[in-house]
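> The structure's right below; bear with me while I get my questions together.
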Amino acid sequence: VQLQASGGGPVQAGGSLRLSCAASGRTFSSYVMSWFRQATGKEREFVAAWSGRSTHYADSVKGRFTISRDSAKNTVYLQMNSLKPEDTAVYYCAAAEQVGARYSSWGQGTLVTVSS
């Protein structure tokens, strides 16, 4: 499956953005879809995951970010509210064929910059 992430940009602290991850190539209804992020000088970290039956979030984004999926559009979204400067990073979407499997597909990344 090929992934195309979009929706990043500059935003002020307290604002909102919605990231999109469009999938193509194969149906991804059974895939685990996740978002990761990597800030400058830091390691990539998990943000959120959607597995079709449940969602999971990093503690740092719980209550502020929401992951969702539109089956008709083969797209996964990350709604980000109450953004903080520490949310500044390149955000990547990724797909795994099942829970516990390695992430085999990655999007190209979209930059989110939160200013104080």
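> Mind checking which of 94, 23, 39 has the largest fluctuation in a GNM of the chain, springs on alpha carbons under 10 Å?
So, out of 94, 23, 39, the one fluctuating most is 39.
> Further question: In percent, what relative contact order does the chain have, based on Cα pairs under 8 Å that are 6 or more apart in sequence?
Result for the chain is 36 percent.
> Roughly how many Å is it from the Cα centre of segment 93-111 to that of segment 27-59, as a whole number?
About 8 Å separates the Cα centre of segment 93-111 from the one of segment 27-59.
> Okay, moving on. Roughly how big is segment 9-116's charge dipole about its Cα centre, with Cβ charges of +1 (Lys, Arg) and -1 (Asp, Glu), in debye to the nearest 20?
Value, rounded to 20: 180 debye.
> Could you please state how large a percent of the accessible area of the chain is carbon and sulfur, counting protein chains only and using a 1.4 Å probe?
Carbon plus sulfur share of accessible area: 45 percent.
> Another question, then. What are the trypsin sites (Lys or Arg not before Pro) within segment 21-68 that DSSP puts in a loop, where the Cβ has at most 11 other Cβ atoms within 10 Å?
Passing both the DSSP loop test and the Cβ count: 42, 53, 62.
The values are calculated or read from the model by the stated rules, or taken from the named source; none is laboratory data. Keep in mind it's a predicted model, so treat the numbers as computed, not measured. Every residue, glycine as well, gets a Cβ built from its backbone with ideal geometry; the counts of neighbours run over all protein chains shown. Accessible surface areas use protein heavy atoms only, side chains included; no ligands, DNA or RNA. Shrake-Rupley method; radii C 1.70, N 1.55, O 1.52, S 1.80 Å.
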